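Trainee: Quick one: the structure is below, questions incoming.
The values are calculated or read from the model by the stated rules, or taken from the named source; none is laboratory data. Quick caveat: nothing in here was measured; it's all calculated off a predicted structure. Here the Cβ positions follow ideal geometry from the backbone for every residue, glycine too, while neighbour counts run over all protein chains shown. Remember, those area values only see protein heavy atoms, side chains included, never the ligands or the DNA or RNA. Shrake-Rupley method; radii C 1.70, N 1.55, O 1.52, S 1.80 Å.
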Amino acid sequence: QVRLVESGGGLVQAGGSLRLSCAASGRIFRANVMNWYRQAPGKQRELVAGITPSDRTNYVDSVKGRFAISRDNAKNTVYLQMSSLKPEDTAVYYCHVQVFSEDYWGQGTQVTVSS
């Protein structure tokens, strides 16, 4: 069974930083691309960042230079380090993995950036 558990969200002032964590089932973690998505109120869910098993990364343009995704294979955990946060980064952040064409999501963690 695939299980994703996020943590690390919260309230932060603009310009501040947060680190999100996502603990994943070991069997799927090492073999698949891990992603972070976010969904703001009234908006569609969007892909924020992804990391491959070989540590190749990609980011949506709006977070490039501010966010960094990384993975710790020993802990089966993927991280999203968020810096220089802006109010428009406010959203529920979800960890995601696709395994054999099936999508799996964590429960989401709220990030709120105040101006």
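Trainee: On the given criteria, is LEU20 touching a Leu at 6+ places or on another chain (Cβ under 6 Å), surrounded by 15 or more Cβ atoms within 10 Å (Cβ to Cβ) and either on the phi < 0 side of the Ramachandran plot or not aliphatic (A, V, I, L, M) (or both)? Talk me through it step by step, then tell me what you get.
Mentor: Working: touching a Leu at 6+ places or on another chain (Cβ under 6 Å): yes; surrounded by 15 or more Cβ atoms within 10 Å (Cβ to Cβ): yes; either on the phi < 0 side of the Ramachandran plot or not aliphatic (A, V, I, L, M) (or both): yes.
Yes: the conditions hold for LEU20.
Trainee: Restricting attention to region 65-78, which residues are out of contact with any helix residue (DSSP H, G or I) (no Cβ under 9 Å at 6 or more places or on another chain) and either of a type in the set (Asp, Glu) or open to solvent by less than 30 Å² (accessible area, probe 1.4 Å) (or both)?
Mentor: ILE69, ASP72
Trainee: Could you tell me whether region 6-18 includes any residue that is of a type in the set (Gly, Ala, Ser), out of contact with any Cys (no Cβ under 6 Å at 6 or more places or on another chain), in a strand (DSSP E or B) and closer than 18 Å to SER114 by Cα?
Mentor: Step one: filter region 6-18 for residues of a type in the set (Gly, Ala, Ser), giving 7-10, 14-17.
In the following step, the residues that additionally are out of contact with any Cys (no Cβ under 6 Å at 6 or more places or on another chain) were identified as 7-10, 14-17.
Imposing the further condition that a residue be in a strand (DSSP E or B) reduces the set to 7, 10.
Next, from what is left, pick out any that are closer than 18 Å to SER114 by Cα: 10.
Yes, region 6-18 contains a residue that is of a type in the set (Gly, Ala, Ser), out of contact with any Cys (no Cβ under 6 Å at 6 or more places or on another chain), in a strand (DSSP E or B) and closer than 18 Å to SER114 by Cα.
Trainee: Here's something else I'd like to know. Could you please let me know if VAL92 is part of a strand (DSSP E or B), closer than 24 Å to GLN1 by Cα, at pLDDT below 95 and of a type in the set (A, V, I, L, M, F, W, C)?
Mentor: no
Trainee: On to the next question. How many residues does region 27-43 contain that are over 10 Å from TYR94 (Cβ atoms) and either in contact with a Lys or Arg (Cβ under 8 Å, 6 or more places away or on another chain) or open to solvent by less than 20 Å² (accessible area, probe 1.4 Å) (or both)?
Mentor: Step one: filter region 27-43 for residues over 10 Å from TYR94 (Cβ atoms), giving 27-34, 40-43.
Those still in the list that are either in contact with a Lys or Arg (Cβ under 8 Å, 6 or more places away or on another chain) or open to solvent by less than 20 Å² (accessible area, probe 1.4 Å) (or both) too: 28-29, 34.
Number of matching residues: 3.
Trainee: Ok, one more. Hey, could you check region 53-83 for residues that are of a type in the set (Ser, Thr, Tyr) and without any contact (Cβ under 8 Å) to a residue 40 or more places away in the chain and say which is farthest from VAL5 (Cα to Cα)? I'd like the intermediate steps shown before the answer.
Mentor: Kept after step one, since they are of a type in the set (Ser, Thr, Tyr), are these residues of region 53-83: 54, 57, 59, 62, 70, 77, 79, 83.
Okay, now just the ones that are also without any contact (Cβ under 8 Å) to a residue 40 or more places away in the chain, so 54, 57, 59, 62, 70.
Working: SER54: 22, THR57: 21, TYR59: 21, SER62: 25, SER70: 16 Å.
If we take residues in region 53-83 being of a type in the set (Ser, Thr, Tyr) and without any contact (Cβ under 8 Å) to a residue 40 or more places away in the chain, then SER62 is farthest from VAL5 (Cα to Cα).
Trainee: Here's a follow-up. Just give me the residues in region 29-65 being under 17 Å from LYS86 (Cα atoms), part of a helix (DSSP H, G or I) and either of a type in the set (A, V, I, L, M) or modelled with pLDDT under 95 (or both), in sequence order.
Mentor: VAL63, the sole residue that qualifies.
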